[in-house]
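Below is one structure, written out as structure tokens; comments come after it.
Laboratory data are not the source of any read-out in this text; all were calculated from the coordinates shown. As the structure is a computational prediction, the values presented were derived from the model and not from experiment. Glycine also receives a Cβ, built like all others from the backbone with ideal geometry; neighbour counts cover every protein chain displayed.
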Amino acid sequence: MKAKPWQQAVGWALIVALLLVIQPVDRKVERDRIVLGMHSPTPLTKIVDFDPTAISGVVMGAALGGFRGLAATMMWLKMQELWDRGQGTWFSCLQVMRNVTLLDPYWIEPWKILGWHLAYNLYVETKDPQERGVLLAKGVAALKEGISWNPNTYELYAELGWTYFDKIRDYEEATKWFRASLQFPHPEYLERMIAHAYEQLPDMDRALDWYDYCLKRNPDDGTARGATTTLRLRYLPAWRLMQAGKYDEALKAIDQHLRVDPNGTIGLHVKAHIYEQAGRKREALETWRVSARVSATDQLARYKVSELSAELGLPVSPEEQAPTYLMEQYESSKRMAVPRRGRL
Amino acid sequence: MRAIYRVATATFHEAWRRRFLNAILIFAVLIIGSSWSLAYLQPGAELKLLIDIGLGSTRFFGMLIAVFLGVRLISDEIEKRTIHTILTKPVTRAQFLLGKFFGSWATVMSNMLLMSLAFYVVFMIKAPGFLLKTGGTPGEGPGIATEFLYSNIAKALGLTLVEMTVVTALAVMASTLFSWIMAAIFSFFVYFVGQVANFFKSLANPEHGAGTLSQVIFRLLYGILPHFEVFDMREAILKGTYVGWETLGMHTGLGLLYTVVILGIAYLAFMNREV
């Protein structure tokens with residue numbers, strides 16, 4: 001027997017009413033899922049910003065529900081195949097890598113390789129400083145995004161710390177990320193990396209603190225023992241004299257070391273730092289210039305040259321000029337810097 | 001109630017005699033049983049992939065069973081004209097529909113329980129080894145938080161049961177509207193689109209360049225589609241987030257509301273259908 005029209009109307013009205021009841025329940029469930037960390041908002045804007053064509057793959061993967069991990073694994077195998085074909089496929093690899101991270105953001109390996117691919121492989125593919133800046137920024141952003149998905153493991157913090165240390169040469173920023181990685185079970189070398197970063201900065205007191213920490217943690221740590229001996233012999237005398245305000249004696253002490261190793265980056269950084277502390281900005285500028293000339297990768301020296309030249313109203317040659325993206329990075333690090341309390 | 005129970009019992013027994021459903025179940029148990037071997041495809045993240053494949057297979061094959069079983073319930077009876085015999089007895093259409101739903105639901109649940117059991121057994125055997133392999137200890141395993149791992153897995157399986165209740169209702173509804181092939185296509189479509197319902201919400205956002213018409217369409221789609229993704233607890237498992245009973249209750253309540261709405265639509269459609 002068919003339902004009468006009014007019965008049907010009542011029925012449909014009830015359905016609509018129930019659908020309306022569902023909405024607040026659904027909103028509460030959605031909100032709870034985000035607040036309780038059961039679900040992260042869909043990174044739709046990131047997909048579109050990065051590669052609009054990737055959206056179909058990601059939607060398909062999402063529709064597969066629990067099979068996203070497997071789909072990501074298959075795509076990763078495809079990426080390896082592209083990789084093996086050589087350099088011509090590196091930008092294609094990048095898209096596949098990015099899709100893998102969107103499909104399975106809890107898989108750490110693709111984040112690490114994506115960050116490294118952007119900041120290292122693709123970086124050297126171009127000579128345009130602007131483009132390089134974009135690639136480096138994308139590499140850093142990829143690693144930070146990876147950390148937001150995987151905050152409970154040391155790996156991506158360490159990877160980001162290394163990118164700042166080795167590629168951007170922003171040692172202050174590098175130490176922040178290396179220190180963040182220490183909250184979780186981590187390999188021993190990360191503690192030494194912090195000391196190395198402070199050596200390069202240069203901040204010998206903090207470098208020594210960290211080497212001491214490494215030795216307390218593991219008295220058999222030969223690397224830390226060797227590094228602390230070198231630091232004490234080569235740089236510490238000059239550093240202590242500088243701290244005592246005896247700048248000329250400090251310069252003599254560091255020059256003794258530079259006579260043996262004139263291109264030593266740490267020695268040059270220490271010397272330039274002593275000049276800065278003594279208020280001898282021009283000599284500091286010249287020393288940073290030397291450091292920038294002897295090491296093509298010494299971006300900190302380039303930044304210092306740019307900074308001091310601007311301060312002294314002097315022109316900077318294009319080869320000495322730090323790329324814009326690095327200037328922005330260092331300025332941003334300075335703005336974000338938290339006043340230090342204590343040494344470690 | 002008696003009529004509903006009888007139709008449900010008959011549906012349950014009939015469903016277990018369907019060979020293709022048994023084949024899907026056997027295949028699913030085999031895949032779940034061997035999921036640990038596929039886990040090696042992600043070196044260093046074996047445990048994560050084991051959970052992915054195990055839970056994913058349980059959901060996917062559960063959905064296949066629910067759809068293929070549900071879509072044939074009413075349409076088969078109409079095509080074979082056996083529905084006339086049943087409806088001439090003192091069985092109303094509502095009782096028939098509910099009996100069919102509960103019968104297929106019981107079948108899907110029993111299948112799901114077998115798959116869940118297979119997954120839990122594999123998980124209990126392989127998880128400790130994978131955890132050790134990645135150098136993890138409870139609470140600090142790299143890449144996967146393990147605080148509430150075992151209880152969360154059980155809760156995830158529980159939510160999958162709720163999800164399959166909704167899918168069964170969806171397939172039964174589709175079976176009252178279309179032929180079984182069309183009903184199957186419709187059910188799969190709604191299930192897959194429901195998995196990405198959140199995308200519609202994002203697409204409806206004017207910040208993403210959606211026009212007024214697109215906003216209306218996407219909001220409407222988001223409003224009426226069941227959001228199957230809310231039954232996916234994988235993220236909570238990986239983060240080691242404790243999923244409380246209250247949260248689980250809310251999710252279950254939402255699932256039951258979806259089921260009631262879908263069965264309501266099925267009832268209205270079935271009442272008007274010429275058989």
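Per-residue 3J(HN,Hα) values for the range B:243-256, derived from phi via the Karplus relation 6.51 cos²θ - 1.76 cosθ + 1.60 with θ = phi - 60°, read 9, x, 5, 5, 5, 4, x, 4, 4, 5, x, 5, x, 5 Hz in sequence order (x marks Gly and Pro). The long axis of helix B:93-133 is offset from the longest Cα principal axis of chain B by roughly 10 degrees.
The lysines whose alpha-carbon is closer than 29 Å to the alpha-carbon of B:LYS100, local same-chain residues fewer than 8 away aside, are A:LYS2, A:LYS4, B:LYS80, B:LYS89, B:LYS155. Convex hull volume per residue, computed on the Cα atoms of the range A:242-313, equals 73 Å³. Indicate the gyration tensor shape class of chain B (rounded, prolate or oblate), computed on the Cα atoms with a ≥ b ≥ c the square roots of the eigenvalues: a/c under 1.5 is rounded; otherwise a/b larger than b/c is prolate and the rest oblate. In terms of gyration-tensor shape, oblate. If you take the charge dipole of chain B about its Cα centre, with +1 on Lys and Arg Cβ and -1 on Asp and Glu Cβ, which of B:LEU64, B:HIS84, B:THR9 is farthest toward its positive end? Looking along the dipole axis, the top candidate is B:HIS84.
Phi angles across the range A:173-179 convert, under the Karplus curve 6.51 cos²θ - 1.76 cosθ + 1.60 with θ = phi - 60°, into 3J(HN,Hα) values of 5, 4, 4, 4, 6, 5, 5 Hz, Gly and Pro given as x.
Placing unit charges on the Cβ atoms only, positive for Lys and Arg and negative for Asp and Glu, gives chain B a dipole magnitude near 880 debye about its Cα centre.
Taken about its Cα centre, the range A:195-234 carries a charge dipole of about 100 debye when Lys and Arg each add +1 at the Cβ and Asp and Glu each add -1 at the Cβ.
Derived value for the range B:164-275: Kirkwood hydrodynamic radius 15.8 Å. Basis is the mean of 1/r over every pair of different alpha-carbon atoms. Using just the C-alpha positions of the protein assembly as shown as equal point scatterers, what log10 of I(q)/I(0) does the Debye formula give at each q in 0.06, 0.10 1/Å? With no solvent term, the Cα-only Debye profile gives -0.46, -0.95. Net charge dipole, the protein assembly as shown: roughly 1860 debye, given to the nearest 20, about the Cα centre with Cβ charges of +1 for Lys and Arg and -1 for Asp and Glu. Ordering B:GLY264, B:ALA174, B:SER75 by the projection of their Cα atoms onto the charge dipole of chain B, which places +1 on the Cβ of Lys and Arg and -1 on the Cβ of Asp and Glu, puts B:SER75 at the extreme positive end. Springs join every pair of Cα atoms under 10 Å in this Gaussian network model of chain B, and among B:LEU254, B:LEU203, B:LEU55 the largest mean-square fluctuation is at B:LEU203.
Legend: calculated FRET efficiency, B:ARG81 to B:LEU132, from the Cβ-Cβ distance at R0 = 56 Å, rounded to 0.05, equals 0.35. 3J(HN,Hα) couplings calculated from phi for the range B:20-34 with the Karplus curve 6.51 cos²θ - 1.76 cosθ + 1.60 (θ = phi - 60°) are, in sequence order, 5, 5, 5, 5, 4, 4, 4, 4, 4, 5, 5, 4, 5, x, 9 Hz; Gly and Pro show x. Of all the options B:MET115, B:MET233, B:MET182, the one that moves most in a Gaussian network model of chain B with Cα springs shorter than 10 angstrom is B:MET182. Projecting each Cα onto the charge dipole of the range A:195-234 (Lys/Arg +1, Asp/Glu -1 at the beta carbon, about the Cα centre), which of A:HIS196, A:THR223, A:TYR213 comes out farthest on the positive side? Positive-end residue among those listed: A:THR223.
For B:THR11, the shell of other residues with beta-carbons less than 12 Å away shows a net charge of +2, using +1 for Lys and Arg and -1 for Asp and Glu. Convex hull of alpha carbon positions in the range A:73-176: directionally averaged projected area 6.4 nm².
Calculated mean residue ellipticity at 222 nm for chain B: -26500 deg cm²/dmol, from DSSP H runs with n ≥ 4 weighted as -39500 (n - 2.57), summed, divided by the residue count and rounded to 500.
By the beta-carbon count within 10 Å of each Cβ, the least crowded to most crowded order of A:GLU199, A:GLU145, B:GLU274, A:GLU249, fewest first, is B:GLU274, A:GLU249, A:GLU145, A:GLU199.
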